[in-house]
1. Whole percent per 10 Å bin, from 0 to the bin with the longest distance: what is P(r) over all C-alpha pairs of the chain?
2. Loop only by DSSP, 10 or fewer other Cβ within 10 Å of the Cβ. Give me the trypsin sites (Lys or Arg not before Pro) in region 360-405 that pass, ordered by residue number.
3. Mind checking the dipole of region 32-181: about its Cα centre, +1 per Lys or Arg Cβ, -1 per Asp or Glu Cβ, Debye to the nearest 20?
4. For Asp495 and Thr422 in one chain, what is 0.36 nm times their gap in residues minus the Cα-Cα distance, to one decimal in nm?
5. Given the peptides 411-417, 136-142, arrange them by the average over their residues of other C-beta atoms within 10 Å, most packed first.
6. Please list, in order, the residues from region 320-352 whose amide nitrogen is less than 20 Å from a point placed 7 Å along the Cα→Cβ vector of Arg484.
7. To check my understanding: the extent here is largest minus smallest coordinate of the Cα atoms along each principal axis. What are those three numbers for region 245-335, in Å, largest first?
8. Against the longest alpha carbon principal axis of the chain, how many degrees, from 0 to 90 and to the nearest 10, is the axis of helix 39-54 turned?
Amino acid sequence: MRRAALATLLGLSLAATTLAAGPVLAAPNNPALADLVTLKNVRHHQNNLQKISDANGGNRAAGLPGNVITVKYLADQLKRAGYSPTVQQFEFDFWQEVSEPSFAQTAPEPKTFVPGTDFQSLQYSGAGDVTAAASPVDPGATGLGSGCEADDFAGFPKGNIALIQRGGCFFSVKSDNAIAAGAAAVVIYQLPDQPGPVAGTLGKPYGVPVVGPTNAVGKALVQQAQNGGVTLKVKTDTFTQKRTAANVIADTERGRADNVVVVGAHNDSVAEGPGINDNGSGTAALLEMAKQIGKLKPKQLHNKVRFAFWGAEEEGLLGSQYYVDNLPEAERNKIALNLNFDMIGSPNFVRFVYDGDNSTGGSTVPPPAGSGAIEKAFHDHFASKKLASDQSPFNGRSDYNAFITVGIPAGGLFTGAEGIKTAEQAKVYGGTAGKAYDPCYHSACDTYGNVDLKGFDQMIDGAAAVTQAFALSTLTVNGNEFVRRHAPARRALPDQIGHYATR
């Protein structure tokens with residue numbers, strides 16, 4: 001962690017009460033949060049999260065013991081730091097694949113498909129063992145997409161397996177229409193330009209098997225069905241139950257209660273691994289920021305900072321959505337902005353900043369005014385350290401989605417997940433071109449060692465510096481004023497939730 005004071009942003013002094021938000025010069029008696037939050041202490045929290053995972057089934061997934069203990073750890077650490085944290089519990093649909101699924105063609109000639117390579121179950125698929133004839137659903141569909149309308153299933157033979165191409169609408173819409181038409185199982189095959197099987201979520205539990213094969217497998221089955229018929233066997237072994245997850249929320253004692261900066265990271269992992277980068281990196285950095293921010297001077301904390309550790313993000317951004325949905329309108333109006341830190345230690349990293357002004361065109365909803373200023377604050381911080389930074393599409397893939405859909409400006413940092421590092425990025429950031437930013441993304445190898453320490457240190461500094469800047473002033477985001485917003489809009493479900501596509 002660099003010990004130098006934070007560089008002045010845009011030539012503005014700390015004394016200016018109308019300071020534009022961004023990293024600021026810390027006077028000798030004004031500590032910098034980026035100096036207080038050390039890599040050593042953040043790594044200590046990551047190590048504890050690893051120990052919790054190791055002792056509780058190898059993960060910290062929502063609805064499982066490792067996450068229960070993670071929530072207790074966060075609450076205890078915050079209490080020790082002088083906070084009175086709120087543990088906000090909520091119910092969700094826990095889903096687990098109990099054993100490996102199977103998918104095969106049984107006639108006219110036997111052919112067995114490989115799980116994970118040729119196909120995989122969609123999240124919230126029901127359990128079942130179905131052998132039946134397969135019927136393609138509007139295989140030549142363009143525009144709206146195959147299976148997106150009830151009319152697509154006109155004449156569908158009840159009890160058959162529906163063969164549907166991905167695209168045009170949510171997987172849940174396709175499945176709802178198929179089940180309403182009498183399908184005993186649903187097969188949603190991949191688009192031609194997308195590699196691998198469909199890694200998708202249905203968003204809610206279903207009572208029939210739903211699997212997603214590759215485009216090559218799906219197209220071959222459609223052709224066979226059209227040229228004499230094909231019989232398939234689909235077997236899934238899944239478990240669904242109502243369980244409880246929790247958000248952990250703590251406010252600084254000082255700062256304006258009507259202009260709150262919400263800083264968030266999700267507290268859960270996937271069931272496949274301990275999640276020490278995803279999102280033990282954000283969780284650990286946020287926890288240490290919460291422990292150190294009280295050392296700032298009163299004049300450095302004009303705005304209250306709310307540290308939020310969101311539950312069940314991997315299950316569909318559930319904790320942050322629950323929080324926003326259940327926050328009284330008057331309290332929601334007091335939130336100036338949201339900062340989100342989800343995966344900031346990837347081993348093959350890029351210093352990504354969420355694209356708050358939508359210059360990449362990747363946003364699922366127009367980012368609220370002020371989000372571009374948040375993006376700029378992060379880029380300016382890295383530029384002040386002579387470090388490059390890139391943009392990451394603001395596509396609703398993480399917990400900021402709940403905030404931007406109700407008009408709250410948001411931003412944050414990200415070092416990359418399953419995306420592939422380009423040759424240009426490798427020249428700028430080092431690492432390996434042609435390799436995933438995090439090769440252990442959502443895997444058992446996302447352990448304590450799955451971090452690039454140099455890049456992680458830089459991202460911790462950036463998170464702390466910009467958090468401190470907005471704790472001082474939100475002028476560039478909301479004019480430092482209370483903002484009255486309309487009642488929440490209907491939730492905009494993003495196209496991607498973690499590694500699960502929704503459509």
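Here, each number is a calculation from the coordinates, and none is a lab measurement. Since we're looking at a predicted model, the values are computed, not measured. Every residue, glycine among them, receives a Cβ derived from its backbone with ideal geometry; neighbour counts consider all protein chains shown.
1. It works out to 4, 20, 28, 24, 14, 7, 2, 0, 0, in whole percents.
2. Passing both the DSSP loop test and the Cβ count: Lys386.
3. With only Lys, Arg, Asp and Glu charged at Cβ, the dipole is about 900 debye.
4. Taking 0.36 nm per residue and subtracting the Cα distance, the gain is 24.0 nm.
5. 411-417, 136-142
6. The answer is 327-337, whose backbone nitrogens lie closer than 20 Å to the label point.
7. 45, 31, 13
8. On a 0 to 90 degree scale, this one is about 30.
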